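Right, one structure below, let's go through it.
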Amino acid sequence: FYSALAGFMEPGESLEDAVVREMWEEAGVKVWNVRYHSGQPWPFPANLMLGFYARADASQPVRVDLDNELAGTS
């Protein structure tokens, strides 16, 4: 099955930077031009669910078989 990528912000990190980092850590995809789409409350205290659009290089392969976050992020 497939699910949307998700993650949490780190202290001092912008929403856009968190999207870029989480996309790289969880899927190995480098993205840019991150734009907010929408949000909604999340059933956990002090949490929100936010959706974003971003651009990615279509010539780079996308792996959907990763079980864990990628090591060695840059």
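The numbers here are math on the coordinates, done by the rules we state, and not lab data. Because the structure is predicted, anything quoted here is derived from the model rather than measured. Backbone-built Cβ (ideal geometry, glycine too); neighbour counts: all protein chains shown.
Once both labels are positioned 7 Å from their Cα atoms along Cα-to-Cβ, the gap between SER14 and ALA56 label points is 2.2 nm. In this calculation the C-beta distance from TRP24 to ASN47 is compared with R0 = 25 Å, giving a FRET efficiency of 0.70.
Taking the Cα centre of the stretch 15-56 as origin, sum charge times position over the Cβ atoms of Lys and Arg (+1) and Asp and Glu (-1), and report the length of that vector in debye to the nearest 20. It would help to have the intermediate numbers written out before the result.
Values: 4 positive and 5 negative charges, 34 e Å.
I would put it at about 160 debye.
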